[in-house]
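The values are calculated or read from the model by the stated rules, or taken from the named source; none is laboratory data. Computed from a predicted structure; not experimentally measured. With ideal geometry, Cβ positions are generated from the backbone for all residues, glycine too; neighbour counts draw on all protein chains shown. Calculation scope for accessible area: heavy atoms of the full protein, side chains included, ligands and nucleic acids excluded. Shrake-Rupley method; radii C 1.70, N 1.55, O 1.52, S 1.80 Å.
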Amino acid sequence: MTKNIIKFLKTNFMCTFIAVFLGFMVACAILLITGYSPSLSMAVMFNAVFSRAKFIVNVIIKSTPIILTGLSVTLAFKSGLFNMGAEGQFIVSTIVAAILGIKCNFHPFIQIPMILCAGVLAGAFMGGIVGWLKAKYGIHEVITSIMFNWIALYMCNFVANSETFHKPESDGTFPINRSGQTLLFYDWKFSQEGRDYLQAHPILNDIILKTDFNLNFLIAVAMAILVWVIIYKTKKGYEFRASGLNPDAAQNAGIDVTKNIFYTMLISGALSGLAGVLSLTGSSTPVLHVLSVFENYGFNGLSVALIAGASPVGCIFAGLMFSALIYAGQTLQSKIGTPSDIVNIMIGTIVFFVALVRIIPIWVNRYLQKEERKNAQ
Amino acid sequence: MHDISREYAVQMHGITKYFGPHKVLDNIDLDIKKGKIHAVLGENGAGKSTLMSILYGMYSADYGKIYLSGQEAHIGNPSDAISQGIGMVHQHFMLVDKFTVLQNIVLGNETTNFFGVLNMRKAKKKVLDIIEKYGMKVDLKEKIKNLSVGMQQKVEILKALYRGSEVLILDEPTAVLTPMEVDELFETMNSLKQDGKTIIIITHKLKEIKKSAETCTIIRKGRLIDAVNVDDETEQSLAEKMVGRQIKLFVDKQDRVPGKTIFEIKNLSVRCERGIETVKNLSMKIRSGEIYGLAGIEGNGQTELLQCILGRRHADAGKIIMNGKEIQNTDIKNVLDSKISFIHADRHKYGCVLDMTVADNAIMEKYREKPFSVNGFLNHEERDKFTKQIIETYDIRPTNCSHQKIRNLSGGNQQKLVIGREIANNPDLLIAVQPTRGLDVGAIEYVHSTLVNLRDQGKAVLLISLELDEILNLSDKIAVIYGGEIVGEFRQNESDEQKIGLLMAGGKEND
Amino acid sequence: MLNSLLIALSITLMYSAPLTLAAIGGVISERSGVVNIGIEGMMSLGALTGAVVGYFSHSAWLGLMCAGLAGGALALLHAIASISFRADQTVSGIAINLIGPGFAMFLSRYFFEGASVTYPVPEKLPKFINFSYLKGTPFANFNIDVSVVLAFMVVVVTWFVLYKTKWGLRIRALGEHPAAVDTLGVSVYRSRYACVIISGILAGIGGGTVTLAVISQFNPMAISGQGFIALAAVIFGKWKPWGAYAACLLFGFSQALVVMLGDGTVRIPSTILSMIPYVLTIFILIIFVGRSSAPRASGVPYEKGAR
């Protein structure tokens, strides 16, 4: 009996759960020491996410980009690459999408696919450069990614500040044209008919009127499944895995490892790009803001991937949890004055413990072996 | 087991050690008289290295006691061992490549002036004294990476002597040496013995025990089998004690007339990373139905030659011809497609992906072909069917391992999978590099007979090995590589070990 | 002309000082075999601590010391994860990069009524050379922070320790072949702990010099990427103290270019100028580094007895 419980401890799910739990505990301890009430804070955070349908929907909507960047990091991970550049790939995609979205105005059937493709390609291009630099010159992808993140940030500010795109008296560009947006029921919900209908259905009202209601989340879920299929069911995925786990052996088996580094980063960048363009088109304020610091969509994706243990489907859940934490953190500060940064500490601690709990299976195995030995004697 | 006495330099009594659930050492006794050369004999994985690691403080025994000169000793870590006069030369040398010989020798036991500032001059004098005393020739200023394996071993011995070792453990010291270097090592051992040092040599090579050691302890599967005087034993009797059954010291092989040349290298020149030409104008011809053994010490161009055949390294000049087609400077895929298969020296590094399943490892070269993948998607049923076939043909244990990580298999079973996979490619030429490294006797016999079978089916085998015995045993034709050139070629019946040994060390054939 | 040159020199040295301190920390850690990608996080916490302690104690020096301690404390976490728990060093480093800034901001809001910007410190670190009394001459704009001198001294001392002392010999061996060091009776774990903590202390001090010498308060942008630039400097400098120092000076210079060219005389948008250091880094890495020689065992957790 105890043996089964202990065996259960070493499953991936339990390890992650323990890490998350410890993350919460550390955050509570910090709150306690600094004189904030942990129980009140946790209650407020819980309410901030679950007390209204609107909140839940918002959490889901906000999780879309970080699930996608999480998938981007996960895919790279499987090939043994660390895509720290998801942030920059995300930004570049929004830049390209914003430019096209403002300058062009076709029918949505053309406009939306065009913007999506452009954003995805921009992300892929950015990721591809990093992959190329690694494959061709052997420069570590983490370093180049970080540099490109900053380059992307300043590129974004360049566009957002430029005469053509900058909207006076604002901190960003003009919004993209309506035809490029991927919001659902957007016109309808502000029409007389829509208002009347929603008034009669308070829950729908909450979900649709008060949020940037869109179906991007479904795209993210579809992508998670797609990434899973790529990694485990396709020839290319097999090559990615083999190259990631043992490049020398893969090379000797005739797999072109260098080429795969490039392809992986290309696809990885495309996913981050998709995250970027969807977060722009799915927003009711689809503008490119001047960035003073990173918005962390990419870096959060990194955390999501790590917490998910590089499992594509796990990214969905980790992304949702992450989104909930961030969303709750904002309420925390406005409601009871607890610094919202406690959420960042919590996330950091969770990632830290995720790194630590990998030792649990080793401990468990050691313990089980000792037991086995005792029984044998 | 002998009584505790001052006459014995080392006594280990009742040593038992577990790794996880496995009992790797079971109540082992070891008694070694002062001033003797004592051998610890056993197969790979018998536990002899573990036993010595316990004596050197790298592991601690679960049960048992250690006595040094009749006094019970507590050895919790290597520095305890060092301070009690025990030194160890590990099989994989513990040397920092980028450091000089002197830096390696003093590391961890530095002579300093004040505040830990190094005083290398004083250290150098001490080392030079030792070098003179035992007549070892080593250049202290040279970097380790520029030294031959034999030289590196001397540095390791110097390291131990510098720390005042009275008992010296040598772990598989002859594994990678030429016959000449082996003789030199034995000389050094003897002069150390003359000086009253005790030497323990861990090995599975019977010939060398007969040559060098006086007493011998035999271990099999973690159990003590016997402690004997070497003079009372023959190679055959030692072998049987080591393995526990009758074994063939030589491979059964019928004579066979080889066919036509299928693989040829013509005047090949290759450079290494540092731009030095390490394969020089090399030519060889391998015929079908022939095992072609390439003997040579590590670092004489074998790696670069292999990489060049693989297509991973550029050939500056010359041709590699397989079945009449030139394959130099193409890519690995093309090389594999031309019906050459490889068994790589280090299967963990070059042969398989430890963290993938056995089944995924089985299809490493086939995954891209039908029926293993169709339209870019993998067919897992075909994969599993194929894996099952290999597991059955090559008797891989456990038989239900196809969805386990290959990491969990024993070395012998991993190697069987690799060999099975490669032979399933139906190659015309199999290039086997150190195919029996780290395997136990049973697995070695299996690998050897597989290679001979392949040859009997009319295939060609290129065997590259650092173990001269293996080459002499298996090959129909033997070539010696030195400094990137073939310096001699013999038919099996014309070869003699002394001559080959001399060539391996760079001597001339008519010296 | 002389005026501009002197200003450029001042700015170069000022910006390169925090980078140098952090980069030398990186050199020490990586040379011992532990990749420290968490430098950024350690700098952040150091910067905040320096600003807070400096503000409350009125002593910049005390602030700097505490900055070092804060960085060292975070490094201890990294050491526990990567050495004792043999965790993935990059993951642990990323966690440190999340915890460091998060904690810094949290403390800022805690001490300064919810503000993400601290009050300015009453006293900055003193200037080592200050010619402001030479008003009217080009030299008036030339000054050298004490942090510049500190950084230089750290480079010299680190070089000396690494190449001239027994500890240096051991650290360098640790990064190449930890098992060799272990078999000679030197504890790999203890030595690596020491190196990682020292690296954190230096990163913390580096962060402290930003808030105590360059700007005089902590804000969310005080540490934005310096840690990563320092990391790039480690690689660019081939894991050698002087090399890393040279790289940091170069990054400092490119920063000076941004400041100098951004004053309006040249018509280039500041956003484009700001990219210079990053683009430069990538080009430098392409040209000079390639497949360079990192310490062989760097990033590999050491397990006793494993082969």
Q: Pick out the one residue from A:160, A:200 that is small (Gly, Ala, Ser) and within 30 Å of residue C:284 (Cβ to Cβ).
A: A:160
Q: Among the residues of segment B:425-450, write down those that are more than 23 Å from residue B:239 (Cα to Cα) and open to solvent by less than 10 Å² (accessible area, probe 1.4 Å).
A: B:427, B:429, B:430, B:431, B:432
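Table: residues versus (1) within 21 Å of residue A:217 (Cβ to Cβ); (2) of a type in the set (A, V, I, L, M); (3) modelled with pLDDT under 90.
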residue: A:5; (1), (2), (3): no, yes, yes
residue: A:13; (1), (2), (3): no, no, yes
residue: A:26; (1), (2), (3): no, yes, no
residue: A:52; (1), (2), (3): yes, no, yes
residue: A:62; (1), (2), (3): yes, no, no
residue: A:66; (1), (2), (3): yes, yes, no
residue: A:97; (1), (2), (3): yes, yes, no
residue: A:107; (1), (2), (3): no, no, no
Q. When the residues of segment B:375-397 are filtered to those that are within 31 Å of the chain's Cα centre (by Cα) and over 13 Å from residue B:414 (Cβ atoms), which remaining residue is nearest to the other protein chains (Cβ to nearest Cβ)?
A. B:387
Q: Would you confirm whether any residue within segment B:215-228 is of a type outside the set (A, V, I, L, M) and surrounded by fewer than 15 Cβ atoms within 10 Å (Cβ to Cβ)?
A: no
Q: Kindly provide the set of residues from segment C:12-36 that are under 14 Å from the mean Cα position of the chain (by Cα), open to solvent by less than 10 Å² (accessible area, probe 1.4 Å) and not polar (S, T, N, Q), ordered by number.
A: C:17, C:18, C:21, C:22, C:23, C:24, C:25, C:26, C:27
Q | Residue count, segment B:273-312 (criterion: aliphatic (A, V, I, L, M), under 20 Å from residue B:332 (Cβ atoms) and free of Cβ contacts under 8 Å to residues at least 60 places away in the same chain) | A | 1
Q) Between residues in segment A:236-263 that are facing another protein chain (nearest Cβ under 7 Å) and residues that are in a helix (DSSP H, G or I) and of a type in the set (Lys, Arg), which pairs lie under 8 Å by C-beta distance while being six or more apart or on different chains? A) A:241/A:78; A:246/B:349; A:248/B:349; A:249/B:349; A:254/B:333
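Every residue, every condition in (1) crowded, with 21+ Cβ neighbours inside 10 Å; (2) assigned to a helix (DSSP H, G or I), yes or no:
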residue: A:194; (1), (2): no, yes
residue: A:228; (1), (2): no, yes
residue: A:232; (1), (2): no, yes
residue: A:255; (1), (2): yes, no
residue: A:271; (1), (2): yes, yes
residue: A:275; (1), (2): yes, yes
residue: A:279; (1), (2): yes, yes
Q | Every residue from segment B:78-94 that is open to solvent by 30 Å² or more (accessible area, probe 1.4 Å) and touching a residue at least 40 places away in the same chain (Cβ under 8 Å) | A | B:91, B:93
Q) Can residue B:317 be described as more than 13 Å from chain A (Cβ to nearest Cβ), open to solvent by 10 Å² or more (accessible area, probe 1.4 Å) and not hydroxyl-bearing (Ser, Thr, Tyr)? A) yes
Q.
Quick check on segment B:119-126. Is at least one of its residues touching a residue at least 24 places away in the same chain (Cβ under 8 Å) and either outside any helix (DSSP H, G or I) or more than 14 Å from chain C (Cβ to nearest Cβ) (or both)?
A. yes
Q.
Pull out all pairs, ordered by first then second residue, where Cβ-Cβ is under 6 Å, the residues are six or more apart or on different chains, the first lies in segment B:19-38 and is surrounded by 21 or more Cβ atoms within 10 Å (Cβ to Cβ), and the second is among the acidic types (Asp, Glu) and outside any strand (DSSP E or B).
A. B:37/B:214
(Q) Just to check your reading of the model, which residue among C:102, C:136, C:175 is within 11 Å of chain A (Cβ to nearest Cβ) and either out of contact with any Leu (no Cβ under 6 Å at 6 or more places or on another chain) or modelled with pLDDT of 95 or more (or both)? (A) C:102
Q. Looking at segment C:202-209, is at least one residue away from every other protein chain (no Cβ under 11 Å) and either closer than 30 Å to residue B:89 by Cβ or more than 24 Å from the chain's Cα centre (by Cα) (or both)?
A. no
Q: Only helices (runs of 4 or more DSSP H) wholly contained in segment B:408-511 count here; list those with 3 or more residues that are more than 30 Å from residue B:358 (Cα to Cα) and in contact with a helix residue (DSSP H, G or I) (Cβ under 8 Å, 6 or more places away or on another chain).
A: B:468-474, B:497-504
(Q) Given the options A:110, A:60, A:115, name the one that is free of Cβ contacts under 8 Å to residues at least 24 places away in the same chain and among the β-branched types (Val, Ile, Thr). (A) A:110
Q. Touching a residue at least 12 places away in the same chain (Cβ under 8 Å) and open to solvent by 20 Å² or more (accessible area, probe 1.4 Å): does that describe residue B:3?
A. no
Q. From the list B:41, B:51, which one is within 14 Å of another protein chain (Cβ to nearest Cβ) and at pLDDT 90 or above?
A. B:51
Q | Members of segment C:178-197 found to be without any contact (Cβ under 8 Å) to a residue 60 or more places away in the chain, of a type in the set (S, T, N, Q) and more than 7 Å from chain B (Cβ to nearest Cβ), listed by number | A | C:187
(Q) Given the criterion in contact (Cβ under 8 Å) with a residue 60 or more places away in the chain, within 12 Å of chain C (Cβ to nearest Cβ) and buried (at least 18 other Cβ atoms within 10 Å of the Cβ), identify the matching residue among A:307, A:316, A:336. (A) A:307
Q) Do we have residue B:97 as under 23 Å from residue B:54 (Cβ atoms) and either open to solvent by less than 40 Å² (accessible area, probe 1.4 Å) or charged (D, E, K, R) (or both) here? A) no
Q) Is it the case that residue C:140 is in a helix (DSSP H, G or I) and closer than 20 Å to residue C:29 by Cβ? A) no
